[in-house]
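**Q** To start, I am sharing the structure in question, which I have written as structure tokens.
Read the figures in this text as sums done on the coordinates, not as results from a lab. Remember, predicted model here, so these are calculated numbers, not experimental data. Every residue, glycine among them, receives a Cβ derived from its backbone with ideal geometry; neighbour counts consider all protein chains shown.
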Amino acid sequence: VIARRWQVNGVRREVEAPPLEPLLRVLRERLLVTGPKEGCGEGECGACTVLLNGEPVTACLVAAGAVPEDSAILTAEGIADLELGRVITESLIDHGAVQCGICFPGMLVAVYAYLRDAREVTAAAAREAISGNLCRCTGYRRIVHATLAAARDAAARGRDWRGAEACGADANGDASGAVARSADSGNAELFAPETLAEALAHRARHPGSLVLAGGTDLMAQRAARRSEPLLGRSPSPPVAPESPVLFLGGIAHLRSVSREQGDLLIGATTSVETIAHDALVIRWAPALAQAARLLGARPIRHLATIGGNLVNASPAADLVPPLAAADARLLLQSSHGGREVPVGAFYRGYKQVDLRPDEVLVRIRVPALRAHETEGFRKLGTRRAQSIAKVCAAVRVRVEDRGVARITRAAIALGSVAPTVVRLPQTEARLAGCSFSESLRPQLYAWIAGEIAPISDVRSTAAYRSRAAGVLVADLLDELTQTPRSE
Ligand SMILES: Cc1cc2nc3c(=O)[nH]c(=O)nc-3n(C[C@H](O)[C@H](O)[C@H](O)COP(=O)(O)OP(=O)(O)OC[C@H]3O[C@@H](n4cnc5c(N)ncnc54)[C@H](O)[C@@H]3O)c2cc1C
Ligand code: FES
Ligand code: FES
């Protein structure tokens, strides 16, 4: 077990729990803080949203061992005691935005986090802020109206609400900040090093140990496995051994974005939310920032890391197509040294990656856009937030204008149409020298349909995927050949 001291709603609490026990369970069952609710248990509904060191996260996906010593945790109970929390609660009630109440604790936290940080409050941004929170009773219109009314009331009070909840150490810190070293607590099950060298030495001693980053895939997979017998299914093989766990969130060095000789270097545990808003990524790898903005919802993006998205190896992983289209390379390191592998070569089949048991993904090297290049990302899902792609596409093109925009190089990567993310070398070669016009569409659709063989599954049919892939790529080419290119 891990032993930690946290500030929970401003009160110092001591806790002992297995390292992979969800924070939600620790709060509800060990600390008897029952405001956060368990709805889905897999990050989908938002009923368990809490503020962890100032950031909204779904507590059902946070491993107890990933919560640093001295963390500040604020739940609906704590927020309801704050002035801004009271304003929001009253507004939600006055606007009839609370009925059965199951979503309310998570909704309150999400709205609070939005109003606390927002400089300008709009209905669209309010919708985005609550996009990870499901409400089955009220309808979102009332919740959005209540949020806008609360924003007016809060503004009339003339206060800056940022940091208003400071109820413990580092209230505005990073959710994945420094972690109490496991060696200090004598904990053999979870190792949370502060340096990469320590992590690699641990990996060498325990090859095949369970690497934990944001936990949004691992914890969701563990939760899904727990519910299999309840659904009458025989349990699938364990997705993770119980020990030992190597938690990477305490290594500050792995959370960074920098530019070096025409490449972006992104640390493996950089959060998806950071990538979505990082100025270097937006300027030099904009398709990656676009994909990051469309991944999950805010509480998921704060936890999720780029490395986890790559190593989890889902064919629907949103960040992989932009990286594949950019010819990104992955730095894999062990205590014996490092090697760089092109992202395309990293995937060997469905959920199979070229990662040795003693290696860790350390960094991603993304070639920055060069002169005359531009890129974009598009995704089709069942709804806008929290939806795994039916199909997603990233395109990076070099376009030269000689009276008419002509594509001189195209790189196209698709997700959810094969066991791994795929590039389309034949279509790419055919596009070189073409100008995009509506008359090219039928040909493009045929080229793409001839190069992929998607399957039908619960999310979509093969025929739909084939056609949708063509439409996404054509729409991207249309847009990219009209927009300004990198100089
Ligand atoms: C509600 C919900 C919505 C989601 N929506 C989307 C979506 O829209 N699009 C999408 O692409 N994904 C989505 N996901 C999936 C998930 O959030 C992402 O794949 C995320 O980027 C995983 O990162 P993580 O840090 O949480 O990974 P973790 O769960 O910590 O790890 C995932 C896997 O990678 C391994 N690993 C992690 N980091 C390293 C490393 N540095 N070196 C070696 N191995 C490593 C782990 O051992 C594990 O096998 C969603 C998940 C949930 C729960
Ligand atoms: S319980 Fe549904 S997101 Fe956590
Ligand atoms: S009020 Fe019932 S789910 Fe939102």
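**Q** Exactly which trypsin sites (Lys or Arg not before Pro) in the range 70-137 are in a DSSP loop and have at most 12 other Cβ atoms within 10 Å?
**A** Counting only loop positions with at most 12 other Cβ atoms within 10 Å, the trypsin sites (Lys or Arg not before Pro) in the range 70-137 are ARG119, ARG136.
**Q** If one takes the longest principal axis of the Cα atoms in the chain, at what angle in degrees, from 0 to 90 and to the nearest 10, does the Cα axis of helix 104-117 lie?
**A** On a 0 to 90 degree scale, this one is about 70.
**Q** Assuming R0 = 56 Å, can you tell me the calculated FRET efficiency for the pair ASP160 and LYS351, based on Cβ-Cβ distance, to the nearest 0.05?
**A** Working: r = 47 Å, r/R0 = 0.84.
Computed FRET efficiency for ASP160 and LYS351: 0.75.
**Q** A further question follows. Between GLU260 and GLN443, take the C-beta separation as r, use R0 = 56 Å, and let me know the FRET efficiency to the nearest 0.05. Kindly include the intermediate steps, with their values, before the conclusion.
**A** Values: r = 40 Å, r/R0 = 0.71.
E(calc), rounded to 0.05, equals 0.90.
**Q** Also, quick follow-up: Which is farthest toward the positive dipole end of the chain among VAL15, ALA316, HIS202, measuring Cα position about the Cα centre, with Cβ charges +1 (Lys, Arg) and -1 (Asp, Glu)?
**A** ALA316
**Q** Could you work out the relative contact order of the chain, using alpha carbon pairs under 8 angstrom and six or more residues apart, expressed as a whole percent? List each step's numbers first, then the result.
**A** Working: 1082 pairs, mean separation 55.6, N = 487.
Relative contact order of the chain: 11 percent.
**Q** Mind checking the full-extension length gain between ARG226 and GLU400? Use 0.36 nm per residue of separation minus the Cα-Cα distance, one decimal, nm.
**A** Values: separation 174, 0.36 × 174 = 62.64 nm, distance 5.45 nm.
Additional length available on full extension: 57.2 nm.
**Q** Tabulate in residue order the Karplus-calculated ³J(HN,Hα) for the range 147-159, using 6.51 cos²θ - 1.76 cosθ + 1.60 with θ = phi - 60°, rounded to whole Hz; enter x for Gly and Pro.
**A** The phi angles translate into 5, 5, 5, 5, 5, 5, 4, 5, 5, 5, 7, x, 10 Hz.
**Q** Putting +1 on Lys and Arg Cβ atoms and -1 on Asp and Glu Cβ atoms, find which of TRP284, GLY415, LEU148 reaches farthest to the positive end of the dipole of the chain.
**A** The listed residue farthest towards the positive side: GLY415.
**Q** Could you give me the ³J(HN,Hα) list for the range 407-414, computed from phi with Karplus coefficients 6.51, -1.76, 1.60 and θ = phi - 60°, whole Hz, x at Gly and Pro?
**A** Once rounded to whole Hz, the list reads 7, 9, 8, 10, 10, 10, 10, 10.
**Q** Any lysines with Cα under 28 Å of the LYS379 Cα? List them, leaving off those in the same chain fewer than 8 positions away.
**A** LYS351, LYS390
**Q** In whole Å, how far is the Cα centre of the range 442-476 from that of the range 102-153?
**A** First find each Cα centre; the distance between them is then 36 Å.
**Q** Give the residue list of trypsin sites (Lys or Arg not before Pro) in the range 345-418 that are DSSP loop and have at most 15 other beta-carbon atoms within 10 angstrom. The partial results should precede the final answer.
**A** Working: sites: ARG348, LYS351, ARG363, ARG365, ARG370, ARG378, LYS379, ARG383, ARG384, LYS390, ARG396, ARG398, ARG402, ARG406, ARG409; in loops: LYS351, ARG370, ARG383, ARG384, LYS390.
Answer in residue order: LYS351, ARG370, ARG383, ARG384.
**Q** Next question, about the same structure. Using the C-alpha gyration tensor of the range 277-382, what are the square roots of 5 times its eigenvalues, in whole angstrom, with the largest one first? Each step should come with its number before you reach the end.
**A** On the way: eigenvalues 103, 59, 36 Å².
The answer is 23, 17, 13 Å, longest axis first.
**Q** Moving on. Got a sec? Charge dipole of the chain, +1 on Cβ for Lys and Arg, -1 for Asp and Glu; which of HIS95, HIS302, VAL362 is way out at the positive end?
**A** Checking the options against the dipole of the chain, the answer is HIS95.
**Q** Which parts of the range 49-81 would a label at VAL11 reach, counting a residue when its backbone N lies under 15 Å from a point 7 Å out along Cα-to-Cβ?
**A** 73-81
**Q** Any chance you could give the angle, 0 to 90 degrees and rounded to 10, that helix 83-94 forms with the longest Cα principal axis of the chain?
**A** With both axes taken from Cα atoms, the answer is about 80 degrees.
**Q** Quick one: angle between helix 218-227 and the longest Cα principal axis of the chain, in degrees between 0 and 90, rounded to 10, please.
**A** Roughly 70 degrees, rounded to the nearest 10.
**Q** Same structure, new question: Using θ = phi - 60° and the Karplus curve 6.51 cos²θ - 1.76 cosθ + 1.60, what whole-Hz ³J(HN,Hα) does each residue of the range 190-196 get, with Gly and Pro shown as x?
**A** So the Karplus estimates, Gly and Pro as x, are 10, 10, 10, x, 9, 10, 5 Hz.
**Q** Any idea what the dipole of the range 373-487 comes to, in debye rounded to 20, about its Cα centre with Lys/Arg Cβ at +1 and Asp/Glu Cβ at -1? Display every interim value, and only then the final one.
**A** Details: 17 positive and 12 negative charges, 72 e Å.
Result for the range 373-487 is approximately 340 debye, rounded to the nearest 20.
**Q** Using unit Cβ charges (K, R positive; D, E negative) and no other charged atoms, how large, in debye to the nearest 20, is the dipole of the chain about its Cα centre?
**A** On the way: 57 positive and 52 negative charges, 223 e Å.
Here the size comes out at about 1080 debye.
**Q** Place a +1 charge on the Cβ of each Lys and Arg in the range 298-429 and a -1 charge on the Cβ of each Asp and Glu, then give the dipole magnitude about the Cα centre in debye, rounded to the nearest 20.
**A** Taking the Cα centre of the range 298-429 as origin, the dipole is about 380 debye.
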